[in-house]
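**Q** Pasting a structure here, questions to come.
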Number of protein chains: 2
Amino acid sequence: MAESVSRSLGEFELIARLTARLRRRSGTILGPGDDCAILKPARGRELITIDSMVEGVHFRLDWGTPESLGARALTVNLSDIAAMGGRPTACVVNLAIRPDLDARFFDRLYAGMARAADAAGVDIVGGNVTRAAALSITIALLGEARGGVMTRGAARPGDHLYVTGTLGDAALGWRVLDGQVKARGAARRFLIDRYLNPIARVAAGMRLARIRPAPAAIDISDGLWQDLGHLLERSGVGAEIDARSIPLSPAYRTVAGGDLKLALGGGEDYELLFALRKERSEADLTQRLGVPVSRIGRIVRGRGARLRGDGAPAIAGWDQLKERP
Amino acid sequence: MAESVSRSLGEFELIARLTARLRRRSGTILGPGDDCAILKPARGRELITIDSMVEGVHFRLDWGTPESLGARALTVNLSDIAAMGGRPTACVVNLAIRPDLDARFFDRLYAGMARAADAAGVDIVGGNVTRAAALSITIALLGEARGGVMTRGAARPGDHLYVTGTLGDAALGWRVLDGQVKARGAARRFLIDRYLNPIARVAAGMRLARIRPAPAAIDISDGLWQDLGHLLERSGVGAEIDARSIPLSPAYRTVAGGDLKLALGGGEDYELLFALRKERSEADLTQRLGVPVSRIGRIVRGRGARLRGDGAPAIAGWDQLKERP
């Protein structure tokens, strides 16, 4: 089993092996193995997104298991569907592989991906394998939005801004893995887990999309500040954020204290940021969405975001093109 | 304009720039710029495929223009939809970019891709950009099949086997570009053009899918012999191929003589291979499909393919994992 893929398996054998045991939803007419997959038409509007994870840019193999990597590659796409309030349905996977990795590695990668897909009700309906110098996993994910659909462009002055979960944990987690930041015990494990095993807020997104008028929403994959900027730009509005209201986990506070830099600009959170016309209490939304919700500010007229209160750092979103883990 | 992308543009600016001028079909509700694109549901069964082109594996930048590279990246996906008899509708594009390439390069790449998309009636509805050590373009393409749909598994003993176009030109073309094979004048230009600017047989595929019973079909992206093997395996049948009937272009004959090696195993042809229950003349099919069609053999009971007649070489399909252009 330690043979490299290039010696033991061609690309067709590999993809056949990886896709052999996948499950099939009722919406899938024909799964992997032909030129295309065949699906029943979406019920309601269809959503599509594509995202990629590249070795050395988004992950390092020595930081986690192949299973967690496979699951995470799907999760980053699930998070995009969640941000629109959709139900994910089916995906196709492109693996660019280093030929020196062994077939067992890809079995484990696919097992993790398949488990995450099952949990989300998603079929892996097609795959492609190609050689490359670095490993990368690119997934295009379909979903459907039967009721409301949330966009980045729906925020209006006066709206109330909320986020799910806590921010900055994943960004802190990879700095711990990278040795830039020291952490120990439960805090260390929590932060690393938040980086390696993020959870997409799919159920929360679907519940959120039932609120009328439809909230504006975006997932926080590149850091609150940067993704807030995208939402504001698409909506043509500004925002005022209360620095004290940014939700931080106990582990984050233990390791980073009150430093908001990574909570605002760290990225990889996969939480949802959304704007509601009508104010709702955090307790009400937390119960409704099934995840902790924090109110962090308001939408205002104008452009750009202002951070009010203590702890305002020099803020920048995490831009993949500029920073490397 | 010679600034590198990493200095002049972040990933968001780049993708916004590239997608700013894209057109929109009536089926697209929301194009690039949000977490997902929103589409109207497919009319009829939906098709999805994903394919990737990696620098140094599938292309070299010094061999063609950025425009032709962009078009070709879409064409390889269009060819998968064509092989099912579908109508392509919308795609999402993942660019893994070397930061030292300048923004003008990507403008030209996207211009070529957009032109090919327009010509095929496809909307580019979403994109993602990430950093990587090598350039790669991964596209997931949707299509719809309103009438018949062709699969690899529909061939039966007694069926007649046909291919569109001529085979081996593209494989010979890249060997000319690579200096492995010498060619001059019009033959050289033709072969290189077949490699750099392949045409997907989308209209022919849609016409073919109207024949009853639905033909078995596959596109010849990895060489006739290998792709024939996939069709036979999925159908649980064998085939007899007449070596003298393999369609060769005049340019191929000029450069390679009667050597069938690349015509059978070269890959990158993007022609269609299909099996019909009822024999039809080449002239009838050529007129019906709007592309030259050649009858190359028959489906038989058993397993595997046998090549009959002169010129049978040592045959192997082109496997991306084993051979590098």
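The values are calculated or read from the model by the stated rules, or taken from the named source; none is laboratory data. Just so we're clear, the structure is a prediction, and the values are computed from it rather than from any experiment. A quick note on method: Cβ atoms are made from the backbone with ideal geometry, for glycine too, and the neighbour counts reach across all protein chains shown.
**Q** Among the residues of the range A:132-148, which ones are surrounded by fewer than 23 Cβ atoms within 10 Å (Cβ to Cβ) and either facing another protein chain (nearest Cβ under 7 Å) or not charged (D, E, K, R) (or both)?
**A** Within the range A:132-148, A:Ala133, A:Ala134, A:Leu135, A:Gly147, A:Gly148 qualify.
**Q** When the range B:77-133 is examined, which residues are found to be among the hydroxyl-bearing types (Ser, Thr, Tyr) and within 27 Å of B:Leu208 (Cβ to Cβ)?
**A** Residues satisfying the conditions are B:Ser79, B:Thr89.
**Q** Still on this model: Test of understanding: among A:Ala251, A:Ala263, A:Ala239, A:Ala217, which residue is outside any loop (DSSP other than H, G, I, E, B) and over 17 Å from A:Arg295 (Cα atoms)?
**A** On inspection, the qualifying residue turns out to be A:Ala251.
**Q** Of everything in the range B:270-298, what is touching an Asp or Glu at 6+ places or on another chain (Cβ under 7 Å) and part of a loop (DSSP other than H, G, I, E, B)? Give them in sequence order.
**A** B:Tyr270, B:Arg277, listed by residue number.
**Q** On the given criteria, is B:Val129 modelled with pLDDT under 95, crowded, with 19+ Cβ neighbours inside 10 Å, within 25 Å of B:Asp269 (Cβ to Cβ) and not assigned by TED's automatic domain parsing to the domain that holds B:Ala216?
**A** When the stated conditions are applied, B:Val129 does not pass them.
**Q** Here is a further query. With respect to the numbered conditions (1) part of a loop (DSSP other than H, G, I, E, B); (2) in contact with a helix residue (DSSP H, G or I) (Cβ under 7 Å, 6 or more places away or on another chain); (3) closer than 18 Å to B:His58 by Cα, which one is the sole condition not fulfilled by B:Val176?
**A** Every condition holds for B:Val176 apart from (1).
**Q** How do the strands (runs of 3 or more DSSP E) wholly within the range B:1-100 filter down when requiring 1 or more residues that are touching a residue at least 40 places away in the same chain (Cβ under 8 Å), buried (at least 23 other Cβ atoms within 10 Å of the Cβ) and within 7 Å of chain A (Cβ to nearest Cβ): which remain?
**A** Filter on the range B:1-100 gives B:37-39, B:45-54, B:87-97.
**Q** Yes or no: the range A:236-244 includes at least one residue that is surrounded by 18 or more Cβ atoms within 10 Å (Cβ to Cβ) and within 27 Å of A:Ala116 (Cβ to Cβ).
**A** Within the range A:236-244, none of the residues are surrounded by 18 or more Cβ atoms within 10 Å (Cβ to Cβ) and within 27 Å of A:Ala116 (Cβ to Cβ).
**Q** Among the residues of the range B:256-271, count how many are over 17 Å from B:Asp219 (Cα atoms) and buried (at least 16 other Cβ atoms within 10 Å of the Cβ).
**A** Selection size over the range B:256-271: 4.
**Q** Within the group B:Asp259, B:Asp284, which residue is within 24 Å of the chain's Cα centre (by Cα) and not assigned by TED's automatic domain parsing to the domain that holds B:Leu69?
**A** The match here is B:Asp259.
**Q** Output the number of residues of the range A:101-126 satisfying the condition of being within 12 Å of chain B (Cβ to nearest Cβ) and surrounded by 24 or more Cβ atoms within 10 Å (Cβ to Cβ).
**A** 4
**Q** Residue under question is B:Arg212, and the condition is that it be farther than 19 Å from B:Gly302 by Cβ and either in the same structural domain as B:Val76 (by TED's automatic domain parsing) or surrounded by fewer than 24 Cβ atoms within 10 Å (Cβ to Cβ) (or both); does it hold?
**A** It is true that B:Arg212 is farther than 19 Å from B:Gly302 by Cβ and either in the same structural domain as B:Val76 (by TED's automatic domain parsing) or surrounded by fewer than 24 Cβ atoms within 10 Å (Cβ to Cβ) (or both).
**Q** Can you find a residue in the range B:101-108 that is farther than 18 Å from B:Ala203 by Cβ and assigned to a strand (DSSP E or B)?
**A** Among the residues of the range B:101-108, at least one is farther than 18 Å from B:Ala203 by Cβ and assigned to a strand (DSSP E or B), which makes the answer yes.
**Q** So which residues in the range A:272-293 are buried (at least 20 other Cβ atoms within 10 Å of the Cβ) and closer than 22 Å to A:Pro157 by Cβ, if there are any at all?
**A** The answer is A:Leu272, A:Leu273, A:Phe274, A:Ala275, A:Leu276, A:Leu285, A:Val293.
**Q** Still on this structure: What number of residues within the range A:232-282 satisfy the criterion of being out of contact with any strand residue (DSSP E or B) (no Cβ under 9 Å at 6 or more places or on another chain) and of a type in the set (Phe, Trp, Tyr)?
**A** Total satisfying the criteria: 1.
**Q** When only residues in the range B:287-320 that are under 18 Å from the mean Cα position of the chain (by Cα) and within 14 Å of another protein chain (Cβ to nearest Cβ) count, which is modelled with the highest pLDDT?
**A** Per the stated criteria, the residue is B:Gly317.
**Q** Something else: Out of the residues in the range B:153-171 meeting the condition of being out of contact with any Pro (no Cβ under 8 Å at 6 or more places or on another chain), buried (at least 24 other Cβ atoms within 10 Å of the Cβ) and not acidic (Asp, Glu), tell me which one is nearest to the other protein chains (Cβ to nearest Cβ).
**A** Filtering first and then ranking leaves B:Ala155.
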